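The values are calculated or read from the model by the stated rules, or taken from the named source; none is laboratory data. Please read all numbers here as calculations on a predicted model, not as lab measurements. Neighbour counts run over all protein chains shown; Cβ positions are idealised from the backbone, glycine included. Surface areas here come from the heavy atoms of the whole protein model, side chains and all, with no ligands, DNA or RNA. Shrake-Rupley method; radii C 1.70, N 1.55, O 1.52, S 1.80 Å.
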Amino acid sequence: MPHSLRPDLQCPRTSTYAGGLRLSRIVAGMWRMSEWGMTVEQRAGFIEQCLEMGVTSFDHADIYGNYGVEGLFGEALRARPGLRDKMELVSKCGIKLLSPHRAGHSIQHYDTSAAHIVASAEESLRQLHTDRLDLLLIHRPDPLMDFDEIAEAFQSLRAAGKVLHFGVSNFSRHQFECLNRRIPLATNQVEFSPMHVAPMFDETFDGLQDLGVAPMIWSPLAGGRLFSGSDAHAENLRLVIKEIADRINQPFASVVFAWIMQLPSRPVPLTGSGRVEAIAVAVAATAFTLSRPDWFTILRAARGHEVA
Ligand SMILES: NC(=O)c1ccc[n+]([C@@H]2O[C@H](COP(=O)([O-])OP(=O)(O)OC[C@H]3O[C@@H](n4cnc5c(N)ncnc54)[C@H](OP(=O)(O)O)[C@@H]3O)[C@@H](O)[C@H]2O)c1
């Protein structure tokens, strides 16, 4: 067993912005929870094991599991009332899916109106069986979004004590800065992995680093394609990462998480697994860094060419 998977390893914590929200350095993503087939007891047990490792932050969205995951998680919190105060709850709003659970939706669309943001946050509170969200994100940039209206909705949720911090997801640098000028944002949650490196080159990370705001990272393992992808790009990346992992005696996925967290914008990766061992492998990555040559070897395989 690599030294870094020792059972006493605790996940460190970080502030996503100065004086602001504190999250665990690894956040447990709940998108796939409805696929895990867990009983309430198993869900509560999984949450407890995450907390024991120091993974105290849990990422949700109203729409996960066809509007079902928040309710599954909320059931576990109802079964173990002591857990809520040991964690940070993140959720998102702004996408309206066609769903039997939302009979009024006639087309899949975005809605970042103040009325929808407030109603969605209040529904998340009911589903999660809590009185507050630690962080609420706008899930996707909406062509019809009005930055002033979103900021006002955020202010009113904060004044009511229903949401403590606010952020966005999948926003460009410019969109982030427009809203951040109106209300300080805690994060921009974006896709990033060795199979999706755009935020490193489209100013997303540079802009956040400049503001001292940490991005959150979704699909850090490319949704599992780093393990299972059969195209030449995935296969080559897999070989390159495996060579480094074997040489430095760390698990494959730990090397990917470490590669991501080494960026100076201080990315906070989300896990996507319901296996406690997979969360532990992510936490293990907080205990080591890669050499510059190893880091650039992964970048070269990610982009398919040398740096100039
Ligand atoms: N803001 C957004 O727009 C957005 C979009 C997508 C996701 N998210 C958030 O990001 C979180 C993470 O995204 P993600 O689930 O795509 O993350 P990911 O870590 O890139 O992918 C998770 C997938 O990888 C598999 N996996 C993990 N370790 C593995 C291993 N050692 N061997 C083989 N397969 C492995 C998992 O399977 P097992 O379950 O079998 O481990 C799971 O199917 C989500 O839960 C959600 O909270 C946000």
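Averaged per residue, the range 139-255 has 44 square angstrom of accessible surface, using a 1.4 angstrom probe with ligands and nucleic acids left out.
Where the alpha-carbon atoms of the range 226-285 are placed on the principal axes, they occupy 29, 28, 22 Å, in descending order.
Computed from label points 7 Å out along Cα-Cβ, the spacing between PHE288 and GLU235 is 2.8 nm.
Accessible surface area normalised per residue over the range 10-108 is 41 Å², counting heavy atoms of protein chains with a 1.4 Å rolling probe. Evaluate the Kirkwood expression for the hydrodynamic radius of the range 207-308, namely the inverse of the mean inverse distance over all pairs of different C-alpha atoms, and round to one decimal in Å. With all distinct Cα pairs of the range 207-308 included, I get 14.2 Å. Note on LYS96: aspartates and glutamates with a C-alpha under 16 Å away, same-chain residues under 8 apart excluded, are ASP62, GLU70, ASP111, GLU122, GLU123, ASP142.
Quote the FRET efficiency, to the nearest 0.05, computed for ARG300 versus ALA278 with a Förster distance R0 of 30 Å and r equal to the Cβ-Cβ distance. Write down the numbers at each step before the final one.
Working: r = 27 Å, r/R0 = 0.89.
Once the sixth-power term is evaluated, E becomes 0.65.
3J(HN,Hα) couplings calculated from phi for the range 292-298 with the Karplus curve 6.51 cos²θ - 1.76 cosθ + 1.60 (θ = phi - 60°) are, in sequence order, 4, x, 5, 4, 6, 5, 5 Hz; Gly and Pro show x. Kirkwood hydrodynamic radius of the chain, from the reciprocal of the average inverse Cα-Cα distance over all distinct pairs: 19.9 Å. When each of the peptides 191-203, 238-250 is scored by how many other beta carbons lie within 10 Å of its residues on average, the order from highest to lowest is 191-203, 238-250.
Counting only protein heavy atoms and a probe of 1.4 Å, the accessible surface of the range 232-308 is 57% carbon and sulfur.
In the range 25-98, taking the dipole from charged Cβ atoms about the Cα centre, the farthest positive-side position among ILE95, ILE63, ALA44 is held by ILE95.
Would you mind telling me the share, in percent, of accessible area of the range 4-93 contributed by carbon and sulfur at probe 1.4 angstrom? Intermediate results must be reported in sequence, preceding the final value.
Numbers: 1740 of 3460 Å².
Carbon with sulfur: 50 percent of the solvent-accessible area.
In units of the compact-protein estimate 2.2 N^0.38 Å, the range 12-128 shows a Cα radius of gyration of 1.12. Taking amide hydrogens as placed 1.01 Å from N in the peptide plane, the amide H of THR56 sits under 5 Å from those of SER24, each at least 5 positions away in sequence or on another chain.
Residues whose amide H falls under 5 Å from that of PHE192, counting only those 5 or more places apart or on a different chain, are TRP218, with hydrogens built in the peptide plane. First check a/c for the range 102-185, with a ≥ b ≥ c the square roots of the eigenvalues of its C-alpha gyration tensor; if it is under 1.5, answer rounded, and if not, answer prolate when a/b is larger than b/c or oblate otherwise. Oblate. Under a 5 Å amide H cut-off, with hydrogens placed 1.01 Å from N, SER99 pairs with HIS105 among residues at least 5 apart or on other chains. In a fully extended conformation the segment linking ASP202 and HIS101 would gain 32.7 nm over its present Cα-Cα distance, using 0.36 nm per residue.
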